[in-house]
1. Which order results if Ile287, Ile246, Ile47 are arranged by neighbouring Cβ count within 10 Å, fewest first?
2. May I ask for the Kirkwood hydrodynamic radius of region 199-321, worked out over all distinct Cα pairs and given in angstroms to one decimal?
3. Mind checking the full-extension length gain between Ala41 and Arg283? Use 0.36 nm per residue of separation minus the Cα-Cα distance, one decimal, nm.
4. Lys/Arg Cβ at +1, Asp/Glu Cβ at -1, dipole of region 253-311 taken about the Cα centre: which of Ser292, Pro306, Phe254 is farthest positive-ward?
5. Beyond a 22 Å Cα-Cα separation, which of these cross-linked pairs lie in this structure: Lys40/Lys272; Lys77/Lys303; Lys112/Lys174?
6. State the extension gain, in nm to one decimal, for the chain segment bounded by Ala180 and Ala224, taking 0.36 nm per residue of separation less the distance between their alpha-carbons.
7. Given the rule -39500 (n - 2.57) for each run of at least 4 DSSP H residues, summed and divided by the residues of the chain, what is its mean residue ellipticity at 222 nm, to the nearest 500 deg cm²/dmol?
8. Using 7 Å Cα-to-Cβ label points, what is the Val160/Leu241 separation (nm, one decimal)?
Amino acid sequence: MRVTVFGAGAIGGYLAAKLAAAGTVDLSVVARGAHLEAIKADGLRLIEGESEIAAPVRAAARAEELGVQDYVVLALKAHSLAPALDQIAPLLGPETAVVTMQNGVPWWYFHKAGGALEGTRIQAVDPGGTIWQRIGPQRVIGSVVYPAAEVDAPGLIRHVEGTRFSLGEPSGEKSERVTALAREMVKAGLQAPVREDIRSEIWIKLWGNLSFNPISALTGSTLAAIVADEGTRTLARAMMLEAQAIGESLGVRFPIPVDKRIKGAGDVGEHKTSMLQDLERGRPMEIDALVSAVQELGRLTGKPTPAIDSVLALVRRLAIERGCYAPL
């Protein structure tokens, strides 16, 4: 099994190191700069708890050096995907599966979804349907990523917590290609449940991200602080209820009440969301995949989104002013 992880940052690097260390797949990574040079020199190093491993991986700056793959794992952020399409193309053959590990609403959402919106391209994450056309939704295996990891230094990944990567075909079937990948991930010490309804799991993670991330960026507050404050907690709840109405109209099941989901976010503690961290570091923020796409789904389903609209307008303006907005 030939597997390439495209985007070997924190999460991609963690996954690649685990698969490479298991030694049961032919593992490659596409990386760049000092990170690439460190991987070539010393392997992809991973710190888990008190232990450190150095996993030998094939690393390249140009995908054409690696050839056609059985699986390509896209572990870069949503706004980085379209600009990378030319680089990804040499990895794709007729039977290549593409595992999408982006946060937010995926570009392939309405592939094999059924209903009146079947085949709809979501402009907020795939303007003009370019990704849909270039990659092809038939290649997709969806994924919801739960681990937390950090890049401590070039070539060095530190695992913080979590081992679960949920997987699922857009059609809901438990195909051979998704179950085969799950088996290899389990061999590597990861949890890789195959879901029959990956979209509902995407929504559960998105439910918190679309609200707490932009509110955190706007206020500079941690999750615990947002939940402790009545005003910001109420605003997050309003956004989440709007999103729930959209999701349910699309057949999504929300297995927990909104207030339990909010409490869970607060229990995480003094944690800065990824969007706040990106703002502080001057990096592009995942606004469109996490928030704009939900607003667009509201328009498509006829569900009002006044709270989402207001927060989106503010956080987009903030990102533009700080040079942290990367329109797709």
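1. Values: Ile287 30, Ile246 24, Ile47 17.
Fewest to most other Cβ atoms nearby, the residues stand as Ile47, Ile246, Ile287.
2. Computed over Cα pairs of region 199-321, the Kirkwood hydrodynamic radius comes out at 14.3 Å.
3. Gain on extension, Ala41 to Arg283, equals 84.4 nm.
4. Phe254
5. In this structure, Lys40/Lys272; Lys77/Lys303 exceed 22 Å between Cα atoms.
6. Here the answer is 11.9 nm.
7. One gets -12500 deg cm²/dmol as the mean residue ellipticity at 222 nm.
8. 3.1
FYI, it's all coordinate maths here, none of it is from the lab. All figures in this text were calculated on a predicted structure; none of them were measured in a lab. Heads up, the Cβs are rebuilt from the backbone with ideal geometry, glycines too, and the neighbour counts pull from every protein chain shown.
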